Structure formats: structure tokens, C-alpha cells
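Notes follow the structure.
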Amino acid sequence: MRPTSLLARRATLRRSVGLLSSFRFEQSDPARFYGALADDTVDMVSDLWTGLTASTPVGRTVVDVGGGPGYFASAFSTAGMAYIGVEPDPSEMHAGPAGTPGGAGTFVRASGTALPFADDSVDICLSSNVAEHVRHPWQLGNEMLRVTRPGGLVVLSYTVWLGPFGGHEMGLTHYLGGARAADRYARRHGHRPKNDYGSSLFAVSAADGLHWGRSTGSLVAAFPRYHPRWAWWMTEVPGFREFTVSNLVLVLRP
């Protein structure tokens, strides 16, 4: 079975529209946005694991690099997986609706570029929408591979800079240039954007991620996360993919 066989069946236009519609609530209603994203992420990881191993992920250990306030913890724990969230920012870790890290799973305060786990120690390592916020994203990717056991699963999903969501809350103004867009946001709102170009947001391309993934020898699949299956071909077209693959998923098996 191909690793994406099960996931491809769920990658419908209806799913895509539902996920994209929730994006506008990221800051105004984070529970609504992250709750839907967490459920979809559990389905994605479960489908990929089953496609690769022909077994259920129930009981497997999942390390979520950049786990944030715990919405993913609840979803993975409910699905029967042992969840460990890694988050360097304590304010993010306690930003959930109850002021706690979700009430499920285990949380570790640490950097994704220096994971505090032994080599080959976890079954699944996930990073969702984090790489674009890291100055050295492929160091993060290498750490994810290091801690994942042979035959395990690494899923690194990130927002492509030149895609329509690359600017995050700055909207499409990132096409004017990252620094210019951040300064424009600050003038308009009276404060710097949460995702501030050059400090908490960086220009990460689809080409860079694919190059890194292939260089590891572990890449088994790559696809646009929020697209229906019939649009996955966009990942294969250089240049074009930078503007159309809004979020790239790299699937690796150490």
C-alpha cells in the first residue's frame, strides 16, 4: 500500500473547503480553528501510519514539535496515542481555553532544533505549521528524523512563503516583501504582527523543503495539505508550486 493511499480517499473538495473556511478564525476563535485542524491532523497521521505499516497507530508515541496550547494533545489522546508536545514558548503552552496545556498528554518546554529525546526513541514525530517560524527549519527536520525510530513516521507540514497564506495575519501584503508587509501591519494596527517577518516568520519555499527531504534519503511522499487529491500534481511543478501549494506536507520514514 502506498503511504498516501488512505489519505487520498479523504482528500476531497469538501474537506478542503471546510479547512480553508476555518482559517479566518485562527486569532478570533482559536478553539474553532485549532480544534478542526487537530482532528484533521490526527486523521492524516493515522492514515499515513496505516498506509506505511498496515497497522493501527493506537498505542504509539507521538512527539508534536511546536505543540502549542494543547488542542492537538486532546485529539491525539482521544485517538489512543501517547502524545508528547514540545513547545519553547510558555505563553503558547498555556494559551488554551482553560489556561493549561490541553489537559491531555505530556508537555516539554524545549526547542524543536534541539529535541530533548534520545535517538530512535519515538514512533511518530509531527510538526504542523512550525517550520516557517524557525530560522533554521531543516535543523528542526533533522532533529525530527534523529529521534524517530527506524520504520517510524515523520510528518513535517509547513506554510509555503509565496502561497496565499504565507503572510499569515499580514494577508497578501507579503507579496510586497516580508519586512515591508510587517511594517505596514504595525502602522495599521499599532503593534507588530504576531508572525513578524525576520523574527517569528521566515520565507520557506516548497523547493527548499523538497530538496531537504530528498537529501535525507527518507522522503516517501510530498503533497499539498489542504488540496483535494486531484490537485496534488501541483507539488511536482517547479515555480508554479510556490504559489499554489499553500501548505506542503513532507512524509519521511527513517
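The values are calculated or read from the model by the stated rules, or taken from the named source; none is laboratory data. Remember, predicted model here, so these are calculated numbers, not experimental data. Neighbour counts run over all protein chains shown; Cβ positions are idealised from the backbone, glycine included. Keep in mind that these areas ignore ligands, DNA and RNA; they rest on the heavy atoms of the full protein, side chains included. Shrake-Rupley method; radii C 1.70, N 1.55, O 1.52, S 1.80 Å.
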Quiz item: Residues of the chain: accessible area per residue at 1.4 Å, in Å²?
Solution: 43 Å²
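When the Kirkwood hydrodynamic radius is evaluated over all pairs of different C-alpha atoms of the stretch 101-150, what value in angstrom, to one decimal, is obtained? Mind showing how you got there, number by number?
On the way: mean 1/r = 0.0854 Å⁻¹.
After inverting the mean inverse Cα-Cα distance, the result is 11.7 Å.
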Practice problem: Give the residue from T159, Y185, H174 lying farthest towards the positive end of the charge dipole for the stretch 135-198; charges sit on Cβ (+1 for Lys and Arg, -1 for Asp and Glu) and the dipole is referred to the Cα centre. | Solution: Y185
Quiz item: Which helices, taking whole DSSP H runs in the chain, have alpha carbons extending 24 angstrom or more along the helix axis plus mean Kyte-Doolittle at least -0.5?
Solution: 30-53
Quiz item: Excluding A8 itself, what net charge comes from residues whose Cβ is under 12 Å from its Cβ, given Lys and Arg +1 and Asp and Glu -1?
Solution: +4
Practice problem: Just add up the charged neighbours of V122: K/R +1, D/E -1, any other residue whose Cβ is under 12 Å from the Cβ of V122. | Solution: -2
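When ranked by the protection proxy of mean other Cβ atoms within 10 Å per residue, highest first, what sequence do the peptides 188-195, 163-170 form? Kindly include the intermediate steps, with their values, before the conclusion.
Details: 188-195: 13.2, 163-170: 21.0.
Packing proxy ranking, top to bottom: 163-170, 188-195.
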Quiz prompt | Nonlocal amide H pairs with L201, under 5 Å, H built at 1.01 Å | solution = D196
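Which FRET efficiency, nearest 0.05, do H136 and R10 yield, Cβ-Cβ r, R0 22 Å?
On the way: r = 33 Å, r/R0 = 1.48.
Step by step, r from the Cβ atoms, then E = 0.10.
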Quiz prompt | J(HN,Hα) series, the stretch 165-171, from Karplus relation 6.51 cos²θ - 1.76 cosθ + 1.60, nearest Hz, glycine and proline x | solution = 9, x, x, 6, 5, 6, x
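Return the calculated 222 nm mean residue ellipticity for the chain, to the nearest 500 deg cm²/dmol, obtained by summing -39500 (n - 2.57) across DSSP H runs with n ≥ 4 and dividing by the residue count. Numbers along the way, then the final one.
On the way: 9 runs with 91 residues, N = 254.
Taken over the chain, the calculation gives -10500 deg cm²/dmol.
With a 1.4 Å probe and every protein chain kept in, tell me what percent of the accessible surface of the chain is carbon plus sulfur.
Details: 6110 of 11030 Å².
Carbon and sulfur atoms account for 55 percent of the accessible area of the chain.
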Exercise. Could you pull out every residue, at least 5 positions away or on a different chain, whose amide H is within less than 5 Å of the one on A221? Hs are placed 1.01 Å off N in the peptide plane, and Pro or chain starts have none.
Key: V251
Quiz item: In the chain, what percentage of the DSSP-assigned beta bridges are antiparallel, given to the nearest 5?
Solution: 40 percent
Exercise. Provide the net charge surrounding A221, with neighbours chosen by a C-beta distance below 10 Å and charges set as Lys +1, Arg +1, Asp -1, Glu -1.
Key: +2
